[in-house]
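Everything below concerns the one structure shown next.
The values are calculated or read from the model by the stated rules, or taken from the named source; none is laboratory data. For clarity, every value in this text was computed on a predicted model and none was experimentally measured. Cβ sites come from the backbone with ideal geometry, for glycine too, and all protein chains shown count toward neighbours. We work out accessible area using only protein heavy atoms, side chains counted, and drop any ligands, DNA or RNA first. Shrake-Rupley method; radii C 1.70, N 1.55, O 1.52, S 1.80 Å.
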Amino acid sequence: MVSLKQDFLPAFPGNEALLDPAKAYLLSLNSPRSRQAMASLLGIVAGILGAASAEACNWGSLRRHHVMLICELLQDAGRATATINNYLSALKGVAKEAWMLKLMDVESFQNIRAVRNLRGRRLQRGRALHPAEVRQLFAVCDADRSRMGPRDSAMLAVLLGCGLSRSEAVNLSLSDVLSREQALSVQGKGNKRRLAYVPDGTWQRLRTWIDQVRGEVPGPLFIRIRRFDSPTQERLTEQAVYHVLQIRQRQARIDKCAPLDLRRTFATVMLENGEDLITIKDAMGHASIKTTQQYDRRGEAR
């Protein structure tokens, strides 16, 4: 991926080629993950439009009929409605930046902005873990006498007990553990911080990891442990969280699950316990209740 801060420079006289609506749009996104995802989508769209890359695409010439054709091609390719709407959001964002950079007239921009999102939905993906599966996951972690056992146990407990995403979990530092409140200070999307209150069982596993293994050295909360049980001060990556869960899932002999399924489990359990959607929305750091509803996996039995 291009380095946005280096490549998107102010356009001084004679540097008009540096005006790039795609880079301006990506800079407007707060999350690095969102930038990466949208950059990938724009690269695909640029290829559809006949450009070698998003940087080489003449976004100022984008028109309503181009956008509608792209949506139709994506539908024909079997893309999910939500995915196509993500493409549409990226195109509208680029069109806005092209207009603001005076590369597109206001009428063309308004016509693109007026293209409606697609409606419809597929069957829900992912699942919530059964309580017996959760117990099996923690059992295999507890049986592991290496430093990885308490670390994995604490990390999975935070994902399940606090409803954190894996990016939120790996970005935690020791200073984010608030003992007085029995909570975690979590950095969510859009640089928004929230308190995630920690259930007693999760808190016990977290304190075991800190007090008996990790120690009180400032730095990342969940650290990488090398071969031969050698701890480091390196922060775990999001991919490492996925890898850890796959290992523990196989050891526990439960059905395949992903880190996002642990977040779905958190929301589902809270709903089953009678919590209202607004409370769950706030606990998960969502901006919209509609997003929270997508994590409901209570199934047809409800």
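Tabulated values for the structure
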{"quantity": "In degrees, nearest ten, helix 32-48 long axis to first principal axis of the chain (Cα)", "calculated": "40"}
{"quantity": "Global form of the range 111-175, assessed from the alpha-carbon gyration tensor, a/c cut-off 1.5", "calculated": "oblate"}
{"quantity": "Equivalent ellipsoid semi-axes, the chain, via Cα gyration tensor eigenvalues times 5, rooted, Å", "calculated": "41, 24, 17"}
{"quantity": "Carbon + sulfur, % of accessible area of the chain - ligands and nucleic acids excluded, 1.4 Å", "calculated": "50"}
{"quantity": "Sorted peptide list for 175-187, 251-263, criterion being average Cβ within 10 angstrom, highest first", "calculated": "251-263, 175-187"}
{"quantity": "Structure-based [θ]222 nm, the chain - -39500 (n - 2.57) summed over DSSP H runs of at least 4, per residue, nearest 500", "calculated": "-15500 deg cm²/dmol"}
{"quantity": "Helix 148-162 axis, angle to the chain major axis (alpha carbon atoms, nearest 10°)", "calculated": "60"}
{"quantity": "Ranked by how many other beta carbons lie within 10 Å on average, peptides 59-65, 92-98 from highest", "calculated": "92-98, 59-65"}
{"quantity": "Point-charge dipole on Cβ atoms (K/R +1, D/E -1) for the chain, about Cα centre, debye to 20", "calculated": "420"}
{"quantity": "Between 0 and 90°, nearest 10: helix 81-100 axis offset from the chain longest Cα axis", "calculated": "50"}
{"quantity": "Surface per residue (accessible, 1.4 Å probe) for the chain, Å²", "calculated": "57"}
{"quantity": "Cα gyration tensor shape for the range 199-302, rounded if a/c is under 1.5, else prolate or oblate", "calculated": "prolate"}
{"quantity": "Exceeding the 19 Å Cα-Cα cut-off - candidates LYS96/LYS192; LYS192/LYS281; LYS92/LYS189; LYS92/LYS192", "calculated": "LYS96/LYS192; LYS92/LYS189; LYS92/LYS192"}
{"quantity": "By average C-beta atoms within 10 angstrom, highest first, the peptides 71-81, 159-169", "calculated": "159-169, 71-81"}
{"quantity": "Contact order relative to length of the chain, as percent, for alpha carbon pairs under 8 angstrom and 6 or more apart", "calculated": "15"}
